[in-house]
1. What does the net charge come to around H84 if you take all other residues with beta carbon closer than 10 Å to its beta carbon, with K and R at +1 and D and E at -1?
2. Label H538 and S870 with points 7 Å out from Cα along Cα→Cβ: what is the distance between them in nm?
3. With Kirkwood's inverse mean 1/r over C-alpha pairs for Rh, give me the Rg to Rh ratio of segment 756-825, two decimals please.
4. Take the Cα radius of gyration of segment 63-218 and divide it by 2.2 N^0.38 Å, with N its residue count; two decimals is plenty.
5. Sort the following peptides by mean Cβ neighbour count (other Cβ atoms within 10 Å, averaged over residues), highest first: 634-642, 115-123.
6. If you take the beta carbon distance between S187 and T276 as r and set R0 to 22 Å, what does 1/(1 + (r/R0)^6) give as a FRET efficiency, to the nearest 0.05?
7. Taking Cα centroids, how far is segment 94-165 from segment 724-786 in Å?
8. Near N666, within a Cβ-to-Cβ distance under 14 Å, what is the net charge of the other residues, with Lys and Arg +1 and Asp and Glu -1?
Amino acid sequence: MPVELYLAKPDEGVKKLNELANERVKSGKSPTEIATWVEKLWEASEQCRLQMDEEKEYIFKFALLETLVKFRQSVAYKNNRKTHDGKAYMKRLVPALERTELLKQILDSRYSGFLEDKIRSESIKEENERKGREAQKALEERLSQKVDEIINKSPTGIQPKELVELVKDHGEKIYEAGGIMIFDIRSREAFNRNRIAFLPKWPHHPALVHVPIQNVAADQCIGPQLTKGSLKIPNNPFQFEHRHQCRLIILLSEKSSTTDLLLKQNPILNTFKALTEFDSPKQIAKERIRVLDGGLYEWRSLYNFMMSDPTEEVPKANFRESDILRSADEVNYDSVAEILEPKPKPKPTPKPQVQVQEIKPENLEPIIKTKSPSPITHIPDVLENNPDLKEKLDRLALLEAQEVKRRRTPLREAPAVPQVKSKEEEEIEKLRGQIAALEAKNRAHEVGDLRKKKASKPASKKPEKTASAKNTPPERPTAPKPLKNKEPAPESTKPVAQQQPRRDSTKEKVAKQVDLTLPDDIERKYDPNTNRFYYLNHKDKTTSWSPPNGAEIDMAVRPARKSIKQINDFELLMPVHGSIERGYTGLKNLGNTCYMNSIIQSLGSLAPLVEKFLTDKYRADINKKNFLGHKGLVAEHFAVVAKGLWHGGFKNFQPRMFKEALASCNPIFGNYKQQDAQELLIFLLDGLHEDLNKVKDRRYIEEKDADGRPDQLVADESWENHTRLNKSIIVDLFQGQFKATIKCLSCKFTSVKFDAFMFLSLPIPTSGKATLESCLNLFQQTEKLTGDDRWTCPKCKRARDAERTLRLWRMPTLLIIHLKRFKSDGRWKSKVSTNISYPTTGFDLKPQTLGKKKQPPYNLIAVTHHIGASTDSGHYVASCRRAKGWVKADDAEVTAISESKAISPTAYILFYSSKPYDSDPSGGVQF
């Protein structure tokens, strides 16, 4: 291939080369000097000829011709022409002339073609630039529409995720429109201790302005002086003065909410009014101000890594300050709405005339003397007789709510209050006394009813009750409705609760005695359907209701309450209740746990796997004697979260117990740092497999080489040996088989073995676009093993360079494909963001499978996406197939999406199933 033209421009052509050649022509020299120079030019031109540098060759040969032509015109040549013509250097003239003419034609053609190509390329370049400008303009319009859509989603508030999206994806666009300014309305101490700090790699950060909360306190919010004095920012005057040009102003406090704009004398409302009503020289439009919903509290729970001090403890709950007033169940009185709600009147029944004075004080004392006010049982009757009490009750509820809010205020933020009773406290005590007196009066009538009923009971029944007291709990007497009080009731009023600890301790003693007397090969298990224990003999694989060796057990004693590892106690998930469609339940982010949530949602969409846990069939497979397992801990906790996902009555819940279970097995999942979702997936599937591995006797089986035997025979033998050690639902559903061929490049010895796999980890190109099929072909290409990866050849008995090829032999029912998007770059990992297109239906791998057992075409069930630059940062979400379409699971939010949005360049892990997705996984379970 000739060297590219570089010495002359297309429009200069050979003329420029002639000028360069004339610089190398020598004249007026002696014949000896001419001869030496001609030979040097000839050798240089021939060297260029070998290098296919046509321009330089032409220059040297043209210079040689010009030198000889001028020498022939000299006197020295004319005086002795015959002698000089016989010299070797003069014989270079003819071949140089012929080659120079040929080169001139070639170069002229190349220059003209190059000029045409240049004109054509410049035209194409201009066209591409024009299209690029148009595309950029269209993109900017779409981005502008997206920005407006995010900002205008709520007229008063903005979510933390929406703010991050604006800064991360639309920072430049926002900056051009004036930027974002954040008003942090907290104390100076809190602001200095910890505040929002966006990632340095994101350009155009919002301006952060501190507004001391004492400057916008209620007692200072008077007139137009607020902005002039209260909002003065001495540390950053330029940012504050820039507020009128900002595209968006965001107000936040520790637990700010849009409801703060509805509360009087609130710092958020005061700041909002200061900017929109009293600011000078002009007021700021209300449309440009938003409140960060959830405040810094919600921000830390989602983006703790974007704080100036990420080590500060991440909040464990997810509520806002404005929710405190609505948390009436945490206060020991009924809400005003429940108190004032009209209730149906009971049918009139004759009551005995009992005087209040007949009730002894010791009977009333446990009812009235509680640490906090008790709720009123018959409040409608009380209100009928005391109409003026309604207003007092409203006042009491409001005062109590304010008292709870004051008690919950941290000490460092609460203002100093002198230890003197206020008028409000005195009024509270007065109202409590009135209500308690009314309640005592009503309770007196109820106690009288009780005494009359007890007196009317026949005495013959008493011995029966005493005789059966051993095995039967004492009967609860007929009594009025229990109080809705979270304080423990006095022991005298709850005889059943008094005996409950003794019953529980009896259960535990019996269970311990049975477990201690069992042989090693007998395991005691619990049957939730019959609420009884049965015994499993691992030797002969038989079960029995009775224990071995005739041990006696009192089967009347019910089993003790099971631990979280064996119960479906959904309340431990701390769910947010709500009637939603099954499959639309989200998972709370506990602090950088989106990697875990996305994997749970993805695995939870695989019906063949999940139905095993929804129906509790997995419990029969738990192998607590497997030293590689976790005593069933991983399986039990996965079952709880799987049931929570498909419960249908939870909007979202917290998988905290699941995370703690994983952390107890692998400490790497115990912190709140971002982890690789692929690493969690490997650990989780391996943990489920070992917990549910039915093999009790694990004996190592040496893998033999093919040694010339048929592939099918060797593959079946290898799979049989594998399932002798590994037999679980994970193996049945997720594991396939490779054919691994390694060839020694020295002696040509070839080794063929068959290995099991749990998922396919496919390499992807570092640039451009690719399809899933091309990545699979790249995975099956022959790979050279050299350097540290050299193969120890059994024939050579030493490490040798080799070639290795992996081919698919047996495919699993559920196929997991991991796209290798992260590559090591020294101590860090960088992300490969190549767009990989992948099919959602009809992914047929039969042509790629060499073995006889082939799976039907696969359908895409779930995708785990990674949005970000590395495994240490970014965000994970999951796209999951449902019977009625696709959903996007973004932590606690699960929303319906189109199938096209499930195909994204951010795809990281793909979950395929060879079984048709006809219905959502439920197993017929009714929760």
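Every number in this text was worked out from the coordinates using simple rules, so none of it is lab data. Because the structure is a prediction, the values reported are computed rather than measured. Neighbour counts are summed over all protein chains in view; Cβ atoms, including those assigned to glycine, are modelled from backbone coordinates with ideal geometry.
1. In short, +4.
2. That separation, rounded to one decimal, is 4.6 nm.
3. On the way: Rg = 15.0 Å, Rh = 14.4 Å.
A ratio of 1.04.
4. 2.53
5. Numbers: 634-642: 24.4, 115-123: 11.2.
Those peptides, ordered most packed to least, come out 634-642, 115-123.
6. That pair, S187 with T276, gives E of 0.35.
7. Result: 40 Å between the Cα centres.
8. Neighbourhood net charge equals -4.
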